[in-house]
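The values are calculated or read from the model by the stated rules, or taken from the named source; none is laboratory data. Keep in mind that this is a model prediction, so the values were computed, not measured. Cβ placement follows ideal geometry from the backbone for every residue including glycine, while neighbour counts extend to all protein chains displayed. Ligands, DNA and RNA are stripped out before the accessible areas are found, and what is left, the full protein with its side chains, is counted by its heavy atoms. Shrake-Rupley method; radii C 1.70, N 1.55, O 1.52, S 1.80 Å.
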Amino acid sequence: MNKKWIGYIILISVAGLLLYNSVYFKKLDAKGITAAAAITDLDLAQFAQQFFTKTFTPYMDSAVEMNSFVQQLKADAKGTVAKYAKTQGIGNTAYVLVKGEGTITSVNEDVVIAAINTNDNVKLNTGVYFGNAVRDVTGKIRMGDFSNTMDYNTVSTTLNKIVQTQIVVPFKAKAAKGTHLQFVACAEINTEQVNTDNILLLPVKITYK
Amino acid sequence: MKKITRLSFLLVLGSFFVFSACNNAGGEKKKAKKMAIVVSTLNNPWFVFLAETAAAKAKALGYETKIFDSQNNTATETDNFENILVSDYCAILFNPTDADGSVANVKKAKEAGVPVFCMDREINAKGVATSQILSDGYSGSVEIAKYFVEVLNKKGTYVELLGITGDNNTKARSSGFHSVVDNYPELKMVAQQSADFDRNKGMEVMESMLQAHPDITGVFCGNDAMAMGAYQALVGAGKEKTVKVFGFDGADDAVKSIKENKLVATGMQFPKVMAEKAAQFADEYYNGKRDFAEKIPVAVELVTAKNVDNYIGFGKK
C-alpha cells in the first residue's frame, strides 16, 4: 500500500514538472497588443484633431493660475516643475498649462503683451509656434505609443497647426491695446535654467470680456 | 515504514523547490553575465564613442562585453545577431542599421529570450525591443532651424546634405528642419542630396553643389561629419566666410569648430546618456525588472558660439 502511494507521489511529481515546463502564461501586452497600437492605423491628422477636442480641451480646466505658478516657481523651481509640469524622456524641457486674465498693453509683430491682475506682464506668442508644447503638456501622448517616431512628430506638427489656425491667427487679428481678455496657454520651462522673466506663452484659448 | 514516509516527504519537498525555482525565474533560464554591443558602424567616431561607453558601463556593472560592428549593413548585422544568440549573452545593447530592416533581428533575439535595448536609432516596431532610448532628432532639428532662420535673416538660398537614405534619423532631422524653414518663403532650398553621413562624401557633394549654386548662403547637414566635409569644400572654394554651415551630433571636432567660429551650430546629442541608460536597463532586466518604457526620447540641445563653452564633444562639461 505504502509502495503504491510512493509510486503515485513520484508519478504526480514528474507529471507536474513536465506540465509546468509545457505551459506558459503571458500577458497580452507582452505581444504588443495594447490599446495604443491602434493609433498608427488612424489617420494622424484625424487623431490630432480628436486629441485636441476630446483630451486637450477638457484638460484646460486643470490650468494653474499664472501668478501663482510664477510665484511658486520663484520660491521652489524644482518642486513647482514636479508638481505642475509634464516632461517627455530625458531632457531639460517641461511644459505646463497656465491661465490668467488681463488687459493688452501692446501688440508687436509676433507677441502680444498683457498686464495681468497683479500688474505683471505676460507675453503671448502670436507668431508661428515650433515646438512640442501642445503635444506634451497633458502628458497623455507618449513616444512609445507610436511604432514610428515620425508619426509622433507629425502629431506634434499637426496640433501646432490646429492651435495656429483655430486660436492664434484669430487672436492676432483681433488683438488691440486695451482689450480685456482671459487666456489659457502653454508655458515652456527650461528646468536647468529657470527664468521667470522671459516666459513666452502659447495661447490655446482666448476669451474676451 | 518511517523511511518510506520520510522519502515521500523529501520527494514532495524536492518537487516544490523545483517548481519554486522555475517560478522565481519566470520560466527563464538565467544567462551568463555577458552583454553584446552591436553598433551600425565603427567607421564614425560618434558610434565608436556610443559603443565604448556602453561597454564601459556594462563592465562597471559586472558584465563581460563584446562590441560587434555591423558596417552599416543589415546582412552583417544579422550575422552578428546569429553569433550572439548562440553565445549565451544575457542582453544586446543595439544601435540598428535600418529602422525597418533591423526589426527581424530584434524579433529573433526576443524569441530566444534575449532582451534588446536600442540606443540612439529606433526600429519601427512596437513590443519587440525591450526599450528604445532615442535621440530626439526632430525637436533638435527644429531648434537648429530656428537659429538657421535667424542667422540667415529669413532669406537667401541654401542647400541640404542628407544622411543615409532610409535611416529614421535622416528623415527626422530633415523633417524637423523643414517644419520650420519652409514657413519662410524667402528662404529657398536649391539642392538636396545624400552624403551618407560621411565626411569625404560631404566634401564631394558640397563641391559639386557649389559649382551649380555658387550664391548659396547656408548649408544644413544631417550630421557633423558631413558638415566638416562641407566646410572643407567651402574653404577650398574660398567661401567659408559667406556660407553658414550647420551640423548635427555634437562631435568633438564640430564643437571645436564652433569655438573657432567656423561651423555656426550643431545639435548636441548625448550618446553617453543613451549608452549608459541602455546598459543600466539591461542590468535591471537581468535582476528581474520587466516594466520598461518602450521608447524614451533624449533631448538634443542647440550649440552655438554663444553657449559652446558649456559643451565638449558628445556632451556637456
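Observations, loosely collected:
- At the residue level, A:I12 shows approximately 120 square angstrom of accessible surface with a 1.4 angstrom probe and all protein chains present.
- Taking all Cα pairs closer than 8 Å and separated by 6 or more residues, the relative contact order of region B:107-218 comes to 26 percent.
- Accessible area buried between chains B and A, both sides summed, probe 1.4 Å, in Å² to nearest 100: 3100 Å²
- The lysines within cross-link reach of B:K244, meaning a Cα-to-Cα straight distance under 21 Å and a gap of 8 or more places when in the same chain, are B:K146, B:K154, B:K155, B:K188, B:K201, B:K256, B:K259, B:K262, B:K306.
- Dimensionless Rg ratio for region A:41-208, taking C-alpha atoms and the 2.2 N^0.38 Å reference: 1.02
- Peptide A:84-91, shielding by other chains (average Cβ, 10 Å cutoff): 5
- Each peptide among A:126-133, A:46-53 gets the average number of other Cβ atoms lying within 10 Å of its residues, and from highest to lowest they stand as A:126-133, A:46-53.
- Average Cα contact separation per residue, region A:45-119, under 8 Å, 6 or more apart, as relative contact order %: 24 percent
- Radius, Kirkwood style, for region B:184-317 when every pair of distinct Cα atoms is counted (Å): 16.4 Å
- Screening chain B for whole DSSP H helices with an alpha carbon extent of at least 30 angstrom along the helix axis and a mean Kyte-Doolittle hydropathy of at least -1.0 yields B:2-24.
- Over 19 Å (Cα to Cα) - which of A:K174/A:K205; B:K31/B:K272; A:K140/B:K272; B:K57/B:K272 fall in this group: B:K31/B:K272; A:K140/B:K272
- Spin-label zone in region A:162-183 - amide nitrogen under 15 Å from a point set 7 Å from the Cα of A:T53 along the C-beta vector: A:162-163, A:166
- Förster radius 51 Å - calculated FRET efficiency between B:N307 and B:A112, Cβ distance, rounded to 0.05: 0.65
- Residue-wise HN-Hα coupling along region B:91-98, computed from phi with Karplus coefficients 6.51, -1.76, 1.60 (Hz; x: Gly, Pro): 6, 10, 9, 10, 10, x, 8, 8
- Under the Debye formula (equal points on every Cα, no solvent term), log10 I(q)/I(0) of the protein assembly as shown at q = 0.06, 0.07, 0.11, 0.12 Å⁻¹: -0.37, -0.48, -1.02, -1.17
- Mean separation of Cα pairs under 8 Å and 6 or more residues apart, divided by the residue count, gives chain B a relative contact order of 17 percent.
- Partner chain coverage, peptide B:166-173 - average Cβ within 10 angstrom: 2
- Counts of other chain beta carbons within 10 angstrom of each beta carbon in peptide B:291-301 average 5.
- Between the listed residues A:T207, A:M66, A:F47, the Cα displaced farthest toward the positive end of the dipole of region A:41-208, a dipole computed from Cβ unit charges relative to the Cα centre, is found at A:T207.
- Nonlocal amide H pairs with B:T266, under 5 Å, H built at 1.01 Å: B:G247, B:V303
- Each stretch of four or more DSSP H residues adds -39500 (n - 2.57); spread over every residue of the protein assembly as shown, this sum gives -12500 deg cm²/dmol at 222 nm.
- Packing rank of B:309-317, B:169-177, A:138-146, where each peptide gets the mean count of other beta carbons within 10 Å, highest leading: B:169-177, A:138-146, B:309-317
- For the pair B:Q211 and B:E240, the difference between a 0.36 nm per residue extended length and the Cα-Cα distance amounts to 9.0 nm.
- R0 of 25 Å, Cβ-Cβ distance A:N195-B:T165: FRET efficiency to nearest 0.05: 0.05
- Most mobile listed residue (B:V86, B:V116, B:V264) in chain B, GNM with C-alpha springs under 10 Å: B:V86
- Label-to-label distance, nm, for residues given as A:H180 and A:V128 (7 Å Cα→Cβ offset): 3.7 nm
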